[in-house]
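First up is the structure itself, then whatever we jot down about it.
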Amino acid sequence: MFHFTIANPDNQYRMPRVTHALILWSAVFFATHEVAALTECSPVTVNAPSAGALLQATIETEVCNQVKSKFQTANLGPVMGYMAKAYAASSKGAVADYATNMQVFALGAGVTVAVNNITPAFTTSELTALKNRFSSGTLPDAGAGVVANASLGVSFKHMPFKRRGWFDPKNINVYASFFLLPTMSFDVYSLKSTSASAYIQYKLLPMRKIPFGLMTWGGLDVGLGYSYASTTTSVSSTTKITSVEFETNGKRVVYEPTGTLAITYTSHVVPLEVSTNFSLLYFLSFVVGGAADFHILSSAEIAANISGVVKVDGVSTSDDYARFSMSETGKASAVGFRTFFGPQFNIWKIRIFTLAHITNDASYAVTTGARFVW
């Protein structure tokens, strides 16, 4: 092996110069191409390197704020509490017959719609404020619930039971209801619901006709029941659940996440009710009553798993994303108090009824339905 060496007295100076140049170039490169760390604003994590080193942190922070606002991540606990209270209120009012004084049986169906943390609007300004509150595109800080059922009631009036002191079994009416809605899907939404209940009603004071009048007093009834209801609503998509778009620092940012967001409502309620009714010319009846509602378990739970690409001026890579996963549960108070009232229209054996419910926890509900009574 032969080695040839060409003498060059400048070599000893060139190598240090090259090394210094490389070090200087590296410093300049990393100074102008600093890789910013991803941003975390619990529970959201954002990474947007396509924004460039100078704007990455700013845009990531703004994406965090926009996502948290859109999905109300900082407020989901209270929102789920509103949902639980509304759903508990919606499980009442459609099972028992408060105005008919049936003789044999009653067969009907009804639905109750309830809201919580929403003040009823009566003026134009109040309606406008309510509209603006729910048109912001974010998850509203309010609760809503819907429960439907089909019910069957049976009277003991013609059964061979004997009176025992003040207690007369013939004054008893019993009711049972059930409703099943299998999973229904539309676009990115799905819904399923189940409800069932049992209720026993006893007439403490008998009905009486007012002498020389056109009105009949229906007596005084007490009732005790148990209601179960469960509903799951979800939004799921592999393309786009929603869209978050905004401009900041001259950049247009678009975030179109995919994933699943599901809310599960569960209600176990024992209502203890007292009610009375009045009838005018047979065609119109009016019910008024009060109740103590024992919520054995009334809750609303949300579970979210959301992720998607963040586009900055239409540019994105696999490293540009925003995502979050979380769950929150809200519950109704153990005991609630409620007043209810409303009219019933009597057409032959058909009863068309409506009840309004007001609770002490700011829930408002409306029940409507129809029965065939014999």
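The values are calculated or read from the model by the stated rules, or taken from the named source; none is laboratory data. Here the structure is a predicted model, which is why all the values come from computation and not from measurement. Reconstructed Cβ throughout: ideal geometry from the backbone, glycine too, with neighbour counts over all protein chains shown.
Among the residues making up segment 99-129, those that are farther than 22 Å from G330 by Cβ and among the aliphatic types (A, V, I, L, M) are A99, M102, V104, A106, L107, A109, V111, A121, L127, A129. Can you say whether D221 is under 24 Å from N346 (Cβ atoms), surrounded by 17 or more Cβ atoms within 10 Å (Cβ to Cβ), among the charged types (D, E, K, R) and at pLDDT 95 or above, as far as the supplied structure shows? Spelling it out, D221 is indeed under 24 Å from N346 (Cβ atoms), surrounded by 17 or more Cβ atoms within 10 Å (Cβ to Cβ), among the charged types (D, E, K, R) and at pLDDT 95 or above.
Residues are listed down the side, and each one gets a yes or a no for (1) within 39 Å of the chain's Cα centre (by Cα); (2) under 17 Å from M102 (Cα atoms); (3) at pLDDT 95 or above; (4) aromatic (F, W, Y):
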{"residue": "S155", "(1), (2), (3), (4)": "yes, yes, yes, no"}
{"residue": "M159", "(1), (2), (3), (4)": "no, yes, no, no"}
{"residue": "K162", "(1), (2), (3), (4)": "no, no, no, no"}
{"residue": "F167", "(1), (2), (3), (4)": "no, no, no, yes"}
{"residue": "V174", "(1), (2), (3), (4)": "yes, yes, yes, no"}
{"residue": "F178", "(1), (2), (3), (4)": "yes, no, yes, yes"}
{"residue": "K192", "(1), (2), (3), (4)": "yes, no, yes, no"}
{"residue": "Y202", "(1), (2), (3), (4)": "yes, yes, yes, yes"}
{"residue": "M207", "(1), (2), (3), (4)": "no, yes, no, no"}
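Evaluate the following for F179: is it without any contact (Cβ under 8 Å) to a residue 12 or more places away in the chain and not β-branched (V, I, T)? Taking the combined requirement at face value, the residue does not satisfy it.
Candidates A362, A356, A370, A332: the one that is at pLDDT below 95 and of a type in the set (G, A, S) is A362. Kindly establish whether K203 is outside any strand (DSSP E or B) and in contact (Cβ under 8 Å) with a residue 12 or more places away in the chain. In short, no.
Comparison of P257, P271 shows that the only residue that is closer than 30 Å to T73 by Cα and not β-branched (V, I, T) is P257.
Within this structure, A300 fails the test of being surrounded by 21 or more Cβ atoms within 10 Å (Cβ to Cβ), touching a Cys at 6+ places or on another chain (Cβ under 9 Å) and under 24 Å from V235 (Cα atoms). Check segment 22-38 and report whether any residue there is modelled with pLDDT of 50 or more, surrounded by 10 or more Cβ atoms within 10 Å (Cβ to Cβ) and touching a Pro at 6+ places or on another chain (Cβ under 8 Å). No; the residues of segment 22-38 include none that is modelled with pLDDT of 50 or more, surrounded by 10 or more Cβ atoms within 10 Å (Cβ to Cβ) and touching a Pro at 6+ places or on another chain (Cβ under 8 Å).
The rows are residues; the columns are (1) under 24 Å from I210 (Cβ atoms); (2) surrounded by fewer than 16 Cβ atoms within 10 Å (Cβ to Cβ); (3) of a type in the set (K, R).
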{"site": "L281", "(1), (2), (3)": "yes, yes, no"}
{"site": "G289", "(1), (2), (3)": "yes, no, no"}
{"site": "K311", "(1), (2), (3)": "no, no, yes"}
{"site": "V315", "(1), (2), (3)": "no, yes, no"}
{"site": "S318", "(1), (2), (3)": "no, yes, no"}
{"site": "R323", "(1), (2), (3)": "no, no, yes"}
{"site": "F345", "(1), (2), (3)": "yes, yes, no"}
{"site": "L355", "(1), (2), (3)": "yes, no, no"}
{"site": "I358", "(1), (2), (3)": "no, yes, no"}
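When segment 67-112 is filtered for residues that are buried (at least 18 other Cβ atoms within 10 Å of the Cβ) and polar (S, T, N, Q), the ones remaining, listed by number, are T73, S90, S91, T100, N101, T112.
Residues of segment 206-236 that are of a type in the set (V, I, T) and either within 18 Å of L272 (Cβ to Cβ) or touching a residue at least 60 places away in the same chain (Cβ under 8 Å) (or both): T216, V222, T231.
Check whether at least one residue in segment 273-282 is over 30 Å from G52 (Cα atoms), of a type in the set (A, V, I, L, M) and modelled with pLDDT of 95 or more, and report yes or no. The answer is yes; a qualifying residue exists. When you look at D293, is it surrounded by fewer than 21 Cβ atoms within 10 Å (Cβ to Cβ), in contact with a strand residue (DSSP E or B) (Cβ under 8 Å, 6 or more places away or on another chain) and of a type in the set (D, E), yes or no? Criteria not met by D293. For segment 39-64, the candidate set comprises residues that are farther than 13 Å from K311 by Cβ, part of a strand (DSSP E or B) and among the β-branched types (V, I, T); within that set, the residue that is modelled with the lowest pLDDT is T39. A single entry from T138, T100, T123, T119 fulfils the requirement of being under 15 Å from R371 (Cβ atoms) and modelled with pLDDT under 90: T100. Inside segment 215-263, residues that are within 24 Å of the chain's Cα centre (by Cα) and aliphatic (A, V, I, L, M) make up a count of 7. With the structure loaded, tell me whether A51 is surrounded by 14 or more Cβ atoms within 10 Å (Cβ to Cβ) and out of contact with any Phe, Trp or Tyr (no Cβ under 7 Å at 6 or more places or on another chain) or whether it fails that test. Judged against the criteria, A51 is a match. Answer yes if at least one residue in segment 361-370 is surrounded by fewer than 21 Cβ atoms within 10 Å (Cβ to Cβ), in contact with a Gly (Cβ under 8 Å, 6 or more places away or on another chain) and of a type in the set (G, A, S), and no otherwise. The answer is yes, given that some residue of segment 361-370 is surrounded by fewer than 21 Cβ atoms within 10 Å (Cβ to Cβ), in contact with a Gly (Cβ under 8 Å, 6 or more places away or on another chain) and of a type in the set (G, A, S). Across segment 189-209, the number of residues qualifying as surrounded by 14 or more Cβ atoms within 10 Å (Cβ to Cβ), of a type in the set (F, W, Y) and under 30 Å from S234 (Cβ atoms) comes to 0.
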